[in-house]
Each structure stands twice: as structure tokens, then as C-alpha cells.
Amino acid sequence: MAHFVQQVLDGLASGAIYASLALALVLIFRSTHIVNFAQGEMAMFATFIAWQLFTWGVPVWAAIAATLVVAFLGGMAVERMVIRPVEGSSELTIVIVTLGLLLVFNQGAGWIWDFIIKQFPNPFPAHVFDVGGVRTTAHTAGVVAVLLLIVLGLWALFQHTKIGLAMRAAAENPESSRLVGIRVGRMMMLGWGLAAALGALAGCLVAPRLFLEPNMMFSVTIYAFAAATLGGFDSPGGAVLGGLIVGVTENLAGTYIPFIHQDLKILVPLLVIVAVLLVRPNGLFGHREVVRV
Amino acid sequence: MSLLEVADLQAGYGPVRVLEGLSFDVAEGQTAVILGANGAGKTTTLRALSGMVANKGRITFAGADITNATPDAIVRRGVAHVPQGRGTFVQQTVDENLRLGAYTRRDSGVRADTERMYALFPRLGERRGQAAGSLSGGEQQMLAIARALMLRPKLLLLDEPSLGLAPIVVQELFRTLVDLKKETGLTMLLVEQNANLALDVADQAYVLETGSIVFGGRADEVRADESVRRAYLGY
């Protein structure tokens, strides 16, 4: 039993990271109706910036904080300079543009920092908690706590501030938003900035568990897509729950299903995506688009 | 004194010209109506006034040139626009829709103003916590007007408020508009296909046909002029 609880707990730790990145995907999807395939690579690039600051001697938390600011501004810049010009184009065009961004960030990171793996510092103490045979690292507890803070913060932002209300309005009805004086373009930039900062945080939290290198976020991105698909691409709550479910399922499948083991774990999110699309295409909490004619 | 003066307004979408040089004005405290058939350019006129379509010519509002100003700058000057089809934020609550109407306001009276709107439109007060998409068509039109009033506008632009509503609801709506004008002296520019009804509430009327104003004058003159009525208003 302790073993099982242990596996669930470990799954939650990865799930919290998938959830953060999935939240970033959902933020952008809700504000601009774009699925940003470059989300994970933007996060990886930001993580490199944090690593660079750290190796220059900046304390780890300060490096992460500075990186979040840089990522926020960078996300806004990407929206303004790369996404805005293709706004309103066909979905295929936009998919290609975000795939292009993926390549730019991936190769850009390799060009600047090369492809040799690097050790990213653990921002949490190396302490291990032992509760009745179930062991949790401070890193695991920290990651889950950070996710909770993010969820609370976003909820407060979107439900209880004027700017959050304006962001929701701009996402839902840009035309009416302009007519009440909301600068819709700014709201979209803000959405991309927030998402980029969130992704950067996810990258910095996952990096100590993996190794820092340009392809670091590859599998995390796939898990995040599974999480967002499962929860519903327009539902922040769904993205969080989806992330946790995917994390736990992946870990349990890897442990208890013999032929999957650690090597085939990546199959789990793909199966989740296929199953959700077959059974409930809008995800657990997604809204179905209903059009009155 | 004219609150809004429009001179030689031209606008269109891409290569398609919709407005061919309109000139008209709306006096402070008055209600003006633009009448015309489908496709005459009524909606485009209002959209040009709100900065939603690029335009040429000259638009002067409260003494300031607002030609090609951005929509948010125009809203900040006190022009509220109730779009055709109501423009409801269907996923947001009634209360949030009203707060969005006051988005550009920085004063502390917004909360009190939402209560005033609920007093004015009791149906909205009963539904303040509901998603606005669950409201009936008539209620959504009330909400759209209330949302616009939340700006405390100097000028209210109304685009086909009667569209898609049952006749009894339309009458209620127009009664509300008349009351509003009496109580607050609000200046309104109304675009309508329902000429008979619109002329009842208007002081000034303009008839628009394929992008040009073909007749303008006092509302009672328009009503009395049988040739205009027959030719353009179809009754």
C-alpha cells in the first residue's frame, strides 16, 4: 500500500508540472484561440536563461524570478511580432507559425548554449519527508505548492480583477470588447505574456528532475497536451486536473503494467489524447461550441 | 449646438465603398434616427463613428476631431455603442456585462450605477448572477442598453435595437428609450429599419440609400412627406 501511495505521490509531482504547462496552453487558447505548439520550447528557452543567470552567480530563486519577468515580456513580444501579423489567417497557417517558433527556440537554444546536457540547480532544499514509509522530497512538495499558488493567483486574477474580466471579455467577444473600450490586442499580448511566464516556471521546476538541454521539454509538452485535451482546452481547472490525472496514470502504468515499464510511459498520454477525442472531444470540462442559426 | 458633426464621411471594407460622403449632425439632447433599407450603410455609419472601420471625411464630437481615432479613445470621450445583434458577452454574468460597460471609467461610482441599472431594468436585477447568454432576446437588448449606459455616455449609438424582438417587447424597449431621454437628456443616434416606430421617438431623421443621405429633416417632416415615405420607407 505504501508503495502504491508512493507512486501516486510521485505521479502528482510530475502531474503538477504538466498541469502548469497545460495551463499555459489553455491561457493562450482561451485568449487567442491558438494552440501554441512552441509553448514547451519557449519554456525550455526561458529555463536556459535562468540557468545562465545562475551560472553567472545569481541566487537560484532570484534567477527564476528574473526569468519569469523576461519570459513575460518575451511572450508579449512574440504575440505582437509573430502572431499578430497572422491573426485571422487559416488554422493551418497559425499551426505552421507556432511550429516554426518551436524550431526557432529549439535550435536557438542549441546555438547559444549547445546541446550538451547541463545540471539545473534544485531551488528547493534536499530534504526528504518520510510519512509512514511514504517518502516525499521537498522538491515534490514544493512543486505541488507552487502549482496551488499559481492556480489561486490565476483564479484571483481572472475572477476578481478588472483586467482579468477584460481578458475574459476580449477572448469571448473581441468586437464587443472594442466597443466598450478594451484594447483587445493588449489583452492578447497579456495572455501570451502570462502563459510564457507560467511555462518558464514549469521549465525551471522540471529541469532539476531532468537534465537541461534543448529537447528537455519534448515529453513534458506531449504530457501537457494530453492534460489540456483531457481537461478541455478552454478550461483552466480542467487543465490542472488533467495534468494531475495524466501524471498519476503515467506513473502507475509505468510501475504496474509490466510491458509498459519506464520506456513506454510516453504512450500513456497519447492513449489519453486518442481516448478523449473519441469519447468526449471537448474534454472533461470543455465547453462545446454551440451556434444558434 | 451640435454634439456630433459628420462631414463627407466615406467608409468601406477593403475595395468595397459603402458610404459615399455622408454629412449629418446630431444636436445635444436630441434623438436622431437614420432610416434606410438593408445594405444602405446604416451599420457601417455607426461603426465608422466608433472607429471600427477606417474612414475618410471629418467626424467632430463635442468639439474634438475624432476621425479615425481608435475605438477605445472614442469610448473614453463618451460615445457608447449598442451593436446590432446586441453584442452580449454570453459567457459572463449580467453583472460582469454591466461592469464591462464601465471598463474605461476610473471613478468609484460604478457599483452604484449597476444598482441604478437594476432599478431601471428590474429583470436584469433578478438575473444579475446568471450567464448573460441565458437571457431572452429582449432581456439581452435591455442588457446591451444598460451596458452602454454604464459608460455614462454623452452620445448613445443604437444599431437596430428592434431586430429579432417580438412587437410587444419592441414597444417596451422604445418606451424605455423615451423615458431615458426625458429623464437624462441623453443624446441618441438610432439606426432602424422599423421607420414608423423610430420616427415616434426621434427629433431628427435622415434617410440613407446606398451610402448617401437622400433626405434629412425633422422627424415630423419626414413622416408628413408622403413621397419620401413611399419611396424610401415603404409604408
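We did not get these values from a lab; they are worked out from the coordinates using the rules stated. Keep in mind the model is a prediction, meaning the values are calculated, not measured. Heads up, the Cβs are rebuilt from the backbone with ideal geometry, glycines too, and the neighbour counts pull from every protein chain shown.
Couple of notes before you dig in:
- The stretch A:171-284 - percent relative contact order, Cα under 8 Å, separation 6 or more: 21
- Volume per residue that the Cα convex hull of the stretch A:164-293 spans, once the total is divided by residue count, Å³: 132
- Summed side-chain charge close to B:Leu100 - residues other than B:Leu100 whose Cβ falls under 12 Å, Lys, Arg +1, Asp, Glu -1: +3
- Cα-based reach from A:Lys162 at 27 Å (exclusive), listing lysines while leaving out same-chain residues under 8 positions away: B:Lys154
- The relative contact order of chain A comes to 35 percent, based on Cα pairs under 8 Å that sit 6 or more residues apart.
- Packing here is the average count of other Cβ atoms within 10 Å per residue, and on that basis the peptides A:212-219, A:62-69, highest first, run A:212-219, A:62-69.
- Amide H contacts of B:Ser212 (H built 1.01 Å from N, in plane; Pro and chain starts excluded): B:Glu20 sit under 5 Å, all sequence-distant by 5 or more or on other chains.
- Rounded to the nearest 500, the helix-only mean residue ellipticity at 222 nm of chain A stands at -23500 deg cm²/dmol, with each DSSP H run of n ≥ 4 adding -39,500 (n - 2.57).
- Among B:Tyr118, B:Tyr206, B:Tyr13, B:Tyr103, the ranking by other beta carbons within 10 Å of each residue's beta carbon, starting with the fewest, stands as B:Tyr13, B:Tyr118, B:Tyr103, B:Tyr206.
- FRET efficiency for B:Val178 and A:Val274, using Cβ-Cβ distance with R0 set to 60 Å, rounded to 0.05: 0.50
- Charge tally around B:Ala54: other residues with Cβ under 13 Å, Lys/Arg +1 each, Asp/Glu -1 each, net +3.
- For A:Ile257, neighbours were defined as the other residues whose beta-carbon sits under 15 Å from its Cβ, and their charges (Lys and Arg +1, Asp and Glu -1) total -1.
- Using θ = phi - 60° and Karplus 6.51 cos²θ - 1.76 cosθ + 1.60, couplings along the stretch A:254-262 (whole Hz; Gly, Pro as x): x, 8, 9, 9, x, 6, 6, 6, 6
- For the stretch A:114-171, the set of chymotrypsin sites (Phe, Trp or Tyr not before Pro) satisfying both a DSSP loop assignment and a count of at most 14 other C-beta atoms within 10 Å is given as A:Phe115.
- Each residue in B:Val214, B:Val90, A:Val272, B:Val33 was given a count of other beta-carbon atoms within 10 angstrom of its own, and listing them fewest first yields B:Val214, B:Val90, A:Val272, B:Val33.
- Listed residues A:Thr47, A:Thr229, A:Thr137, most fluctuating in chain A (Gaussian network, C-alpha, under 10 Å): A:Thr137
- When each of B:Lys182, A:Lys162, B:Lys42, A:Lys265 is scored by the number of other beta-carbon atoms lying within 10 Å, the sequence from fewest to most is B:Lys182, A:Lys162, A:Lys265, B:Lys42.
- The base-10 log of I(q)/I(0) for chain B, evaluated at q = 0.09, 0.18 Å⁻¹, reads -0.36, -1.42 [Debye formula, identical scatterers on Cα atoms, solvent excluded].
- For B:Met188, residues with placed amide H under 5 Å, excluding near neighbours: B:Gln30, B:Thr31, B:Ala32, B:Leu156
- Neighbouring partner chain Cβ atoms per residue of B:81-87, average, 10 Å criterion: 3
- Summary of the geometry: the stretch A:26-63 and the stretch A:109-146, compared by the centres of their Cα atoms, lie 16 Å apart.
- Anchor B:Lys182: aspartates and glutamates whose Cα lies under 16 Å away (excluding residues fewer than 8 positions away in-chain): B:Glu28, B:Glu172, B:Asp200, B:Asp203
- Couplings 3J(HN,Hα) for the stretch A:167-177, derived from phi with the Karplus relation 6.51 cos²θ - 1.76 cosθ + 1.60 (θ = phi - 60°), are 5, 5, 4, 5, 5, 7, 8, x, 4, 5, 4 Hz, where x marks Gly and Pro.
- Take each residue in B:138-151, count the other chain C-beta atoms within 10 Å of its C-beta, and the mean is 1.
- When each of the peptides A:88-96, A:73-81 is scored by the mean number of other C-beta atoms lying within 10 Å of its residues, the order from highest to lowest reads A:73-81, A:88-96.
- Our compactness index for the protein assembly as shown, the C-alpha radius of gyration over the empirical 2.2 N^0.38 Å, is 1.18.
- Within the protein assembly as shown, percent of DSSP bridges classed antiparallel, to nearest 5: 60
- In percent, rounded to a whole number, the relative contact order of the stretch B:92-235 is 18, using alpha-carbon pairs under 8 Å and six or more apart.
- Per-residue HN-Hα couplings for the stretch A:226-231 [Karplus 6.51, -1.76, 1.60; θ = phi - 60°; Hz; x = Gly/Pro]: 4, 4, 5, 5, 5, x
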